[in-house]
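Chemist: Just dropping this structure here.
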Amino acid sequence: MEQDLFENTSKADLASQPLAYRMRPRTLDEYIGQQHIIGPGKLLRRAIQADRLSSVIFYGPPGTGKTTLASVIANTTKSAFSTMNAVLSGVKELRYEIDQAKKRLDLYSKRTILFVDEVHRWNKSQQDALLPWVENGTIILIGATTENPFFEVNAALVSRSRIFQLKSLTDDDLFQVARQALSDPERGYGNLDVQFESGALEHLVNVSKGDARSLLNALELAVVTTEKVQRSGQKDLVFISKDAAEQSIQTKAVLYDKEGDYHFDVISAFIKSIRGSDPDAALYWLSKMVDAGEDPRFIFRRMMISACEDIGLADPYAIVVVEADASAYERIGLPEGQFHLAHSALYLATAPKSNSALGYFDALAAVKQESAGTEVPNHLRDASRDAKGFGHGEGYKYPHAYQDHWVAQNYLPSSLQGKVFYQAGHIGYEQKIAGEVARRREAQLESAGEDEFPENLSYSPGDKQRDLWVTRAVSQKSAMLETLRAQVFDAMKFARSDRTLVLNAGLGLLVWEAFRRTPEGLVVAQVRTADQYEAIDHYNSTLDEIQKVKIIKSLDDLDSIEEGIRFEKVIARNAFSGLDGAQSVLDSLRGICTSGAEIMLVQGIPSLGSRLSEFVSDEELRKTLAAAEEKIYGEGKANWKPDELQSMLEKNAKVESFQIKDLVEKRIASSDVIGRWIESSYAPALGLDGDAKRQMCIRVTSKIAGSELCWHHSMVFADLLFK
């Protein structure tokens with residue numbers, strides 16, 4: 001029914017509702033938590049504010065705000081808003097909602113947003129009934145689920161929806177939820193003076209474990225069951241002791257469904273803790289599974305796999321220990337069998353590790369890729385049937401007839417001679433056998449009967465013109481910029497919902513890669529020229545309004561996007577000239593970045609790059625240009641050294657990495673470019689003007705104009721985290 005879940009209620013009706021219902025946020029500004037998807041500038045927030053929502057699925061544990069976020073959308077959108085619960089509704093109710101949506105669209109051109117709570121509860125046929133109407137735009141779906149939608153929701157429906165994962169609220173978020181409820185006089189307890197004994201509210205927050213509904217229910221119980229103290233001329237006092245808080249919120253049930261997604265997440269965490277040799281974490285995840293009622297036989301099966309996959313020959317007894325503990329458990333059962341679970345978990349977590357058994361899968365891949373004609377080597381074939389006719393088995397050396405029961409002999413097909421599948425580890429038992437395995441391999445390779453390195457059957461002399469063309473094709477500026485982009489994005493780790501600011505965005509090289517990596521976030525490009533603005537805006541014109549890159553000319557324009565916007569990532573390319581400029585950039589960024597934001601500074605080092613004088617052969621002219629360069633690069637803002645920049649950055653942020661890269665660009669020295677260099681830098685440094693400046697330009701142009709220059713750019717790549 002339209003708006004049935006979020007319809008307005010009278011004050012009297014509101015007062016009778018639970019606190020968690022009353023305090024449900026009505027607007028985005030009242031919504032607490034999930035800033036990674038709903039914070040200022042994020043895609044989902046922009047879509048809600050612009051009433052341009054497309055089909056979405058909200059996925060997360062109970063109490064994280066999935067239904068609440070749907071209610072905020074209901075209060076914001078101009079579209080019709082209908083709700084269904086997949087547990088209580090089926091195809092009949094869905095058909096009714098679809099018919100109503102078609103009528104609204106046909107008669108009033110009004111869209112319909114359908115919120116389906118617990119959408120994973122619908123079976124495949126029920127979800128299929130919804131698909132065509134989502135696809136043709138009759139319905140915009142908002143699905144809410146506690147289960148991984150990639151497993152529990154039809155792939156076709158998932159492919160037509162954006163997935164937003166909601167996380168358990170932080171303790172800070174829960175304190176904010178509590179303060180909101182305690183200060184609101186209409187919906188909460190703002191008409192009371194609610195005070196807490198030291199540690200009482202902290203206990204409620206801690207035991208709620210990220211669930212706002214659980215916190216509000218406990219807070220309500222604590223308030224209504226505590227006697228009020230009336231005070232003349234003041235609000236009634238409600239003092240909640242720590243004991244009352246503990247009574248108001250009992251131990252929360254473990255979030256664990258043996259058939260659900262969380263089941264696989266916890267067993268995964270357990271095995272990864274074993275693999276990472278962390279016995280404390282292994283015991284924690286083991287306890288979580290046992291406490292939730294997981295079948296110990298399942299846990300033992302996974303430990304048996306780990307004993308061979310993760311420990312392997314580093315400790316061949318690992319599988320023996322797990323098998324013995326599993327057998328003992330079958331005879332003993334619970335609760336004493338917990339000792340055997342813990343014993344195996346601790347043994348595996350503290351054992352030396354080797355994954356050399358994975359060599360089997362390399363061999364399996366080689367089998368699948370080999371040609372159909374790969375045959376067993378003749379000396380390894382069965383000689384019992386046709387040795388006389390075909391000579392099968394001829395040449396085989398019987399190892400037991402040799403010293404130490406081994407002889408150098410090849411056992412792989414000739415096409416795989418020298419192939420290594422087993423990589424012996426250097427820990428535990430494998431450390432003892434690794435050297436011998438290597439020595440035997442070397443001897444086997446030496447004994448190979450055929451030359452595995454055939455001669456080349458064709459040869460052509462070098463073609464200088466062709467070589468020059470290839471060099472130009474792979475070495476131009478575009479190649480250098482690709483290297484620069486790879487260096488930046490290999491170092492940075494983006495979340496899909498990150499907000500990214502690109503300073504000195506140029507024509508968009510770094511902008512569009514950031515855009516691709518943050519589909520649910522935001523990219524803001526700061527440009528310096530009209531040409532740069534037009535280049536980025538040209539690609540923007542093909543995008544939907546809420547997806548577009550935001551273009552600004554200075555940081556002062558940020559408020560025009562959204563007030564209070566903050567960034568998780570910043571890429572600053574040649575954003576300053578001197579160290580004072582670098583300090584100014586960092587000071588400006590600190591006010592617009594989130595805590596722990598990552599900043600990538602990409603800065604050319606003027607004093608270390610190529611100089612014009614290097615490409616002039618005329619000795620007199622070269623000395624003249626070199627004298628100008630001493631002033632250009634030795635004085636003023638350009639005169640800074642990498643270690644000075646690093647020292648300054650370390651005072652302002654945590655420097656994750658500081659690298660200097662030499663990037664090479666092959667460029668043609670045009671007359672126009674040379675003229676600009678002389679005009680802007682060399683002539684002022686030499687004190688030239690008028691005819692002297694023109695003559696200098698002519699002299700340099702005559703020497704190198706039209707030449708291909710191999711220009712070196714020395715670049716700093718500094719990856720920073722704000723403290």
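The values are calculated or read from the model by the stated rules, or taken from the named source; none is laboratory data. Everything numeric here is computed off the predicted structure, so don't read it as measured data. Note that we place each Cβ from the backbone using ideal geometry, even for glycine, and neighbour counts take in every protein chain shown. Surface accessibility is based on the protein's heavy atoms, side chains included, excluding ligands, DNA and RNA. Shrake-Rupley method; radii C 1.70, N 1.55, O 1.52, S 1.80 Å.
Chemist: Applying the selection to region 643-696, what residues are more than 30 Å from residue 721 (Cα to Cα) and acidic (Asp, Glu)?
Modeler: 665, 672, 679, 689, 691
Chemist: Residues to consider are 613, 588; find the one that is at pLDDT below 90 and either open to solvent by less than 50 Å² (accessible area, probe 1.4 Å) or not aromatic (Phe, Trp, Tyr) (or both).
Modeler: That would be 613, the only listed residue that is at pLDDT below 90 and either open to solvent by less than 50 Å² (accessible area, probe 1.4 Å) or not aromatic (Phe, Trp, Tyr) (or both).
Chemist: While we're here: All but one of (1) assigned to a helix (DSSP H, G or I); (2) under 22 Å from residue 126 (Cβ atoms); (3) among the hydroxyl-bearing types (Ser, Thr, Tyr) hold for residue 82; state the number of the condition that does not hold.
Modeler: (1)
Chemist: Next up: Select from region 530-549 the residues that are hydrophobic (A, V, I, L, M, F, W, C) and assigned to a helix (DSSP H, G or I) and list them in ascending order.
Modeler: Listed by number, the residues that qualify are 530, 535, 536, 546.
Chemist: Within region 306-315, restricting attention to residues that are over 29 Å from the mean Cα position of the chain (by Cα) and either open to solvent by 60 Å² or more (accessible area, probe 1.4 Å) or modelled with pLDDT of 90 or more (or both), which residue is nearest to residue 345 (Cα to Cα)?
Modeler: Among those residues, the one meeting the criterion is 307.
Chemist: In addition: Within region 13-65, which residues are closer than 19 Å to residue 170 by Cα, open to solvent by 20 Å² or more (accessible area, probe 1.4 Å), touching a residue at least 60 places away in the same chain (Cβ under 8 Å) and in a helix (DSSP H, G or I)?
Modeler: The answer is 20, 30, 36.
Chemist: Quick one: residue 320 ticks every box in (1) farther than 17 Å from residue 272 by Cβ; (2) aliphatic (A, V, I, L, M); (3) assigned to a helix (DSSP H, G or I); (4) modelled with pLDDT under 90 except a single one, so which number is it?
Modeler: Failed condition: (4).
Chemist: Check off (1) out of contact with any helix residue (DSSP H, G or I) (no Cβ under 7 Å at 6 or more places or on another chain); (2) in contact (Cβ under 8 Å) with a residue 40 or more places away in the chain for residue 160 and give me the number that stays unchecked.
Modeler: (1)
Chemist: So, restricting to helices (runs of 4 or more DSSP H) that lie completely within region 174-280, which ones have at least 2 residues that are within 21 Å of residue 62 (Cα to Cα) and modelled with pLDDT under 90?
Modeler: Fully inside region 174-280 and qualifying: 200-208, 212-224, 261-275.
Chemist: Could you grab me the full set of residues in region 43-71 that are within 22 Å of the chain's Cα centre (by Cα) and β-branched (Val, Ile, Thr)?
Modeler: Of everything in region 43-71, those that are within 22 Å of the chain's Cα centre (by Cα) and β-branched (Val, Ile, Thr) turn out to be 56, 57, 64.
Chemist: Now, a different point. Every residue in region 620-652 that is assigned to a helix (DSSP H, G or I), modelled with pLDDT under 85, among the acidic types (Asp, Glu) and open to solvent by 50 Å² or more (accessible area, probe 1.4 Å), please.
Modeler: 630
Chemist: So residue 294 passes all but one of these: (1) open to solvent by less than 60 Å² (accessible area, probe 1.4 Å); (2) under 21 Å from residue 263 (Cβ atoms); (3) part of a helix (DSSP H, G or I). Which condition number does it fail?
Modeler: (3)
Chemist: So for region 165-180 (the condition being under 30 Å from residue 105 (Cβ atoms), open to solvent by 20 Å² or more (accessible area, probe 1.4 Å) and in contact (Cβ under 8 Å) with a residue 24 or more places away in the chain), does at least one residue qualify?
Modeler: Taking every residue of region 165-180 in turn, none turns out to be under 30 Å from residue 105 (Cβ atoms), open to solvent by 20 Å² or more (accessible area, probe 1.4 Å) and in contact (Cβ under 8 Å) with a residue 24 or more places away in the chain.
Chemist: Yes or no: region 673-681 includes at least one residue that is touching a strand residue (DSSP E or B) at 6+ places or on another chain (Cβ under 9 Å) and either assigned to a strand (DSSP E or B) or β-branched (Val, Ile, Thr) (or both). So that I can check it myself, show each step before the final result.
Modeler: Narrowing region 673-681 to residues touching a strand residue (DSSP E or B) at 6+ places or on another chain (Cβ under 9 Å): 673.
With either assigned to a strand (DSSP E or B) or β-branched (Val, Ile, Thr) (or both) added as a condition, the list becomes 673.
Yes.
Chemist: Within region 560-585, track down each residue that is open to solvent by less than 30 Å² (accessible area, probe 1.4 Å) and either among the aliphatic types (A, V, I, L, M) or modelled with pLDDT of 90 or more (or both).
Modeler: 565, 567, 569, 570, 571, 572, 575, 582, 585 - these are the residues of region 560-585 that are open to solvent by less than 30 Å² (accessible area, probe 1.4 Å) and either among the aliphatic types (A, V, I, L, M) or modelled with pLDDT of 90 or more (or both).
Chemist: Need pairs with beta-carbon distance below 6 Å; first residue at negative phi and within region 120-132, second in a helix (DSSP H, G or I) and surrounded by 17 or more Cβ atoms within 10 Å (Cβ to Cβ); sequence gap 6+ or separate chains.
Modeler: 120/152; 127/157; 129/94; 131/157
Chemist: To continue, here is another question. Do you know which of the residues in region 338-373 that are charged (D, E, K, R) and surrounded by 13 or more Cβ atoms within 10 Å (Cβ to Cβ) is modelled with the lowest pLDDT?
Modeler: Residue satisfying both the conditions and the ranking: 362.
Chemist: Mind checking whether some residue in region 153-170 is among the charged types (D, E, K, R) and assigned to a helix (DSSP H, G or I)? Break it down stepwise before answering.
Modeler: Residues of region 153-170 among the charged types (D, E, K, R): 160, 162, 167.
Next, from what is left, pick out any that are assigned to a helix (DSSP H, G or I): none.
Taking every residue of region 153-170 in turn, none turns out to be among the charged types (D, E, K, R) and assigned to a helix (DSSP H, G or I).
Chemist: Let me ask another. Given the conditions (1) open to solvent by 60 Å² or more (accessible area, probe 1.4 Å); (2) modelled with pLDDT under 85; (3) over 22 Å from residue 487 (Cα atoms), and given that residue 690 satisfies all but one, which numbered condition is not satisfied?
Modeler: Of (1) open to solvent by 60 Å² or more (accessible area, probe 1.4 Å); (2) modelled with pLDDT under 85; (3) over 22 Å from residue 487 (Cα atoms), only one is false for residue 690: (1).
Chemist: Considering (1) open to solvent by less than 40 Å² (accessible area, probe 1.4 Å); (2) outside any helix (DSSP H, G or I); (3) of a type in the set (Gly, Ala, Ser), say which one residue 706 fails and leave the rest.
Modeler: The single condition residue 706 does not satisfy is (1).
Chemist: Which of (1) hydroxyl-bearing (Ser, Thr, Tyr); (2) at pLDDT below 85; (3) more than 29 Å from residue 222 (Cβ to Cβ) is the odd one out, the single condition residue 284 does not satisfy?
Modeler: If we test residue 284 against (1) hydroxyl-bearing (Ser, Thr, Tyr); (2) at pLDDT below 85; (3) more than 29 Å from residue 222 (Cβ to Cβ), just (2) comes out false.
Chemist: How many residues, within region 487-504, are closer than 15 Å to residue 39 by Cβ and either buried (at least 17 other Cβ atoms within 10 Å of the Cβ) or out of contact with any helix residue (DSSP H, G or I) (no Cβ under 8 Å at 6 or more places or on another chain) (or both)?
Modeler: So the answer is 5.
Every residue, every condition in (1) touching a strand residue (DSSP E or B) at 6+ places or on another chain (Cβ under 9 Å); (2) open to solvent by 40 Å² or more (accessible area, probe 1.4 Å); (3) modelled with pLDDT of 85 or more; (4) outside any helix (DSSP H, G or I), yes or no:
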| residue | (1), (2), (3), (4) |
| --- | --- |
| 453 | no, yes, no, yes |
| 471 | yes, yes, no, no |
| 506 | yes, no, no, yes |
| 524 | yes, no, yes, yes |
| 528 | no, yes, yes, yes |
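Chemist: Output yes when any residue across region 141-152 is open to solvent by less than 30 Å² (accessible area, probe 1.4 Å), closer than 28 Å to residue 52 by Cα and out of contact with any helix residue (DSSP H, G or I) (no Cβ under 7 Å at 6 or more places or on another chain), and no when none is.
Modeler: No: zero hits.
Chemist: When you go through (1) more than 42 Å from the chain's Cα centre (by Cα); (2) in a helix (DSSP H, G or I) one by one for residue 617, which number turns out not to apply?
Modeler: Against the list (1) more than 42 Å from the chain's Cα centre (by Cα); (2) in a helix (DSSP H, G or I), residue 617 comes up short only on (2).
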